[in-house]
Amino acid sequence: MRAANRFFSGGGIVGTMLVAGVAIAALLAPVVAPGDPLALIGRPLIEPFTDWRFPLGTDRLGRDVLAELLHGARATLIVGGAAMLATLIVGIVIGTLAGFIGGTVDEALMRLADAFQSVPTFILALAFVSIAGPSLTSVVIAVSLGAWTAPARVLRAEILSLRRREFVDAYRVLGMAPLHIAFREVLPNALPPVITLAAVIVANAILVEAALSFLGLGNPNSVTWGAMIAEGRAVFRSAPFLSAIPGVAIVVTVLGVNLLGDAANDAINARQAQV
Amino acid sequence: MSRAWTVARRRLLHSIPVLAIVVLGMFALLEAASGDAVDAYLAVSGGDAGLVAQLRQEWGLDRSFLARLGAYLAALGRFDLGWSVAFSRPVIAVVFERAPNTLLMMGAAICFSFFAGTLLGVAAGVRPGSVRDRILSALALILYATPSFWLGLMLLVSFAVKLSWFPLGGIENIGMPETGIARVIDIAHHLVLPVLSLGLIYLALYLRLMRSGMVEAWRSDYIRTARAKGLAPNRIAFRHAARNALLPVVTMLGLQAGALLSGSVVVESVFAIPGMGRLAFEAVTQRDVPLLLGVFLVSTIMVIVANFCVDLLYAQLDPRVAVED
């Protein structure tokens with residue numbers, strides 16, 4: 001089967017649709033729900049589907065749930081994307097250095113990775129955000145702290161298998177600097193398996209961010225789905241929809257990202273099997 | 001038995017640098033926290049500048065960086081994790097008081113997700129592509145995308161608030177404490193929803209792993225041989241395919257110990273269970289950094305111990321685990 005066909009099989013299509021839907025919601029947020037999503041604009045606790053001005057109802061302070069949800073999509077995708085970039089960059093740099101230099105550097109970096117993998121990542125994230133103070137940057141760093149080891153290990157293994165190849169020796173003979181060989185020549189060949197981790201990293205970042213926001217440690221300057229769930233929790237006996245709706249949004253987004261990742265993984269595996 | 005000992009020794013040697021890095025990292029976080037223990041103490045009890053200077057000297061906070069690190073390490077060596085300002089008690093006492101509840105909940109969640117997950121994974125993987133496989137796989141995908149705290153909240157709304165089948169929170173009935181077997185039942189009753197919200201995600205994970213292991217196994221030669229021998233399909237599925245598919249699940253079991261502890265933070269907060277996870281959250285809200293780092297260190301040690309046990313188990317299950325590297 002061709003790689004492209006592999007990608008657009010069942011799960012790939014559903015995943016693409018779900019993620020595209022969330023991305024469109026994030027892009028359209030300022031158009032559909034202009035102004036501050038946290039503005040108090042209606043009667044509090046309107047049930048969903050009862051008032052056409054607030055299709056998803058209002059929360060206990062009279063904020064438009066739909067507007068919050070759309071702006072929350074923005075925050076979620078920004079955190080997911082930024083955390084993925086940060087995680088991949090850290091993982092790629094550490095993995096390449098460990099794999100290419102080897103020896104003591106490799107040993108030290110891998111013990112560091114062991115340490116980070118032995119730590120309960122969410123408690124580390126909690127500690128980091130509470131000490132650094134909640135902000136978009138600290139949430140992104142907190143997520144990356146617990147996630148960089150996976151791409152680093154995968155990349156290191158890949159580099160280890162590549163660095164004994166002839167083309168590396170050829171570059172050495174040509175007198176190219178070792179770091180230049182590592183990052184410009186070996187790294188691009190080692191990237192595909194790391195790229196398949198991207199979806200897992202995004203999905204994990206979204207879940208960690210949601211949990212941090214739920215505990216009140218998210219980015220205080222934006223609406224987040226986790227914070228909406230926490231807000232709805234105060235009235236969850238009388239208005240469970242306030243917590244239910246943003247939770248469904250999280251499930252849909254993470255499900256979409258996972259499906260997309262699985263499909264991309266299958267496609268890359270199929271391509272590598274072809275080569 | 002000697003093989004298990006080799007694995008054990010290697011693993012123990014391995015965890016020394018890991019612990020050293022974790023402790024250094026904790027000290028760095030402690031130093032980076034704005035305000036020190038004296039500030040935290042004064043925020044609670046108040047005092048003048050003279051008291052501040054006196055306390056700083058008494059607690060060694062005016063000394064050099066290396067001296068502070070030395071004092072910190074010496075204290076850790078005495079199992080002294082510092083003083084919790086929020087609880088006005090030693091950190092270690094507070095953590096150990098809370099640990100059993102978390103261990104109980106985690107243990108139950110691990111057992112539940114492991115047994116249900118592997119069984120359902122076998123059920124799905126026996127005939128890949130069948131209706132049963134598709135339904136189970138789709139459910140697993142959705143569960144795997146569900147945040148545990150939200151699942152917990154929804155279970156709470158449905159089964160505790162609306163149906164009143166389960167208590168709203170806590171670990172046992174505080175108003176009318178039970179004793180003996182009634183107490184065990186009471187605690188189990190309180191733990192059903194938290195264990196479900198913590199365990200269902202891992203159930204999904206083990207189901208997926210087990211299923212893909214089974215799919216892999218159906219393609220292999222030894223299964224064809226088993227078929228050719230004329231063995232009953234169920235026997236092939238359970239005795240041959242499932243046994244090999246189980247290995248990655250066991251590996252994952254060890255890797256998930258940290259994730260379960262992480263999950264317990266939010267789940268214990270939702271269900272008001274007085275465990276270590278909620279303690280971490282309380283430490284955050286009360287700005288009690290020594291307590292938070294104490295929870296962090298104890299939970300890291302728990303993860304290392306869990307990985308150690310899983311490695312031993314794995315060495316027993318898989319004879320290919322090499323004695324020497």
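The values are calculated or read from the model by the stated rules, or taken from the named source; none is laboratory data. Just so it is clear, the model here is predicted, and its values are computed rather than measured. Neighbour counts are summed over all protein chains in view; Cβ atoms, including those assigned to glycine, are modelled from backbone coordinates with ideal geometry.
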Residue match in the stretch A:25-42 (condition: within 25 Å of the chain's Cα centre (by Cα), crowded, with 20+ Cβ neighbours inside 10 Å, closer than 17 Å to A:Val252 by Cα and without any contact (Cβ under 8 Å) to a residue 40 or more places away in the chain):
no
Could you list, in sequence order, the residues of the stretch B:160-205 that are of a type in the set (Val, Ile, Thr) and either touching a His at 6+ places or on another chain (Cβ under 9 Å) or at pLDDT 80 or above (or both)?
B:Val161, B:Ile171, B:Ile181, B:Val184, B:Ile185, B:Ile187, B:Val192, B:Val195, B:Ile201
Return yes when A:Thr16 is within 30 Å of A:Arg172 (Cα to Cα), more than 14 Å from chain B (Cβ to nearest Cβ) and among the polar types (S, T, N, Q) and no when it is not.
no
Could you go through the stretch A:153-175 and let me know if any residue there is within 14 Å of chain B (Cβ to nearest Cβ) and either assigned to a helix (DSSP H, G or I) or touching a helix residue (DSSP H, G or I) at 6+ places or on another chain (Cβ under 9 Å) (or both).
yes
Does the stretch B:110-125 include one or more residues that are touching a Lys or Arg at 6+ places or on another chain (Cβ under 8 Å), within 14 Å of another protein chain (Cβ to nearest Cβ) and not hydrophobic (A, V, I, L, M, F, W, C)?
no
Identify all residues within the stretch A:234-258 that are among the aliphatic types (A, V, I, L, M), assigned to a helix (DSSP H, G or I) and touching a Leu at 6+ places or on another chain (Cβ under 7 Å); write none if there are none.
A:Ile245, A:Ala249, A:Val252, A:Val254, A:Leu255
I want to confirm something. Restricting to the stretch A:228-275 and keeping residues that are over 23 Å from B:Arg208 (Cα atoms) and among the hydroxyl-bearing types (Ser, Thr, Tyr), which single residue is farthest from the other protein chains (Cβ to nearest Cβ)?
A:Ser238
Can you list residue pairs whose Cβ atoms sit under 8 Å apart, with the first residue in the stretch B:91-102 being touching a residue at least 12 places away in the same chain (Cβ under 8 Å) and charged (D, E, K, R) and the second being crowded, with 22+ Cβ neighbours inside 10 Å and outside any helix (DSSP H, G or I)? Count only pairs 6 or more apart in sequence or on different chains.
B:Arg98/B:Gly275
Is there a residue being facing chain A (nearest Cβ under 10 Å), in contact with a helix residue (DSSP H, G or I) (Cβ under 6 Å, 6 or more places away or on another chain) and farther than 25 Å from B:Asn173 by Cα anywhere in the stretch B:307-317?
yes
What's the total number of residues in the stretch B:19-35 that are within 9 Å of chain A (Cβ to nearest Cβ) and modelled with pLDDT under 85?
6
B:Asp221 meets each of (1) in contact with a Lys or Arg (Cβ under 8 Å, 6 or more places away or on another chain); (2) over 30 Å from B:Val95 (Cα atoms); (3) among the acidic types (Asp, Glu) with one exception, condition (1)
I'd like the residue in the stretch B:126-159 that is at pLDDT below 90 and in a loop (DSSP other than H, G, I, E, B) and, out of all such residues, is farthest from the other protein chains (Cβ to nearest Cβ).
B:Val126
Looking at this structure, is A:Thr58 crowded, with 17+ Cβ neighbours inside 10 Å, over 25 Å from A:Leu136 (Cα atoms) and more than 26 Å from the chain's Cα centre (by Cα)?
yes
One residue from A:Thr76, A:Thr87, A:Thr137 being in a helix (DSSP H, G or I), within 22 Å of the chain's Cα centre (by Cα) and surrounded by fewer than 20 Cβ atoms within 10 Å (Cβ to Cβ)
A:Thr137
Filter the stretch A:97-124 for residues that are within 8 Å of chain B (Cβ to nearest Cβ) and of a type outside the set (Ser, Thr, Tyr) and give the result.
A:Arg111, A:Leu112, A:Asp114, A:Ala115, A:Gln117, A:Val119, A:Pro120, A:Phe122, A:Ile123, A:Leu124
Of all residues in the stretch A:43-54, which are modelled with pLDDT under 75 and surrounded by 13 or more Cβ atoms within 10 Å (Cβ to Cβ)?
A:Pro44, A:Leu45, A:Ile46, A:Asp51, A:Phe54
Per-region count, the stretch A:110-134, residues outside any helix (DSSP H, G or I) and among the small types (Gly, Ala, Ser):
1
Scanning the stretch B:284-306 for residues that are touching a residue at least 24 places away in the same chain (Cβ under 8 Å) and within 8 Å of chain A (Cβ to nearest Cβ) gives B:Arg287, B:Val289, B:Leu293, B:Val295, B:Phe296, B:Ser299, B:Thr300, B:Val303, B:Ile304
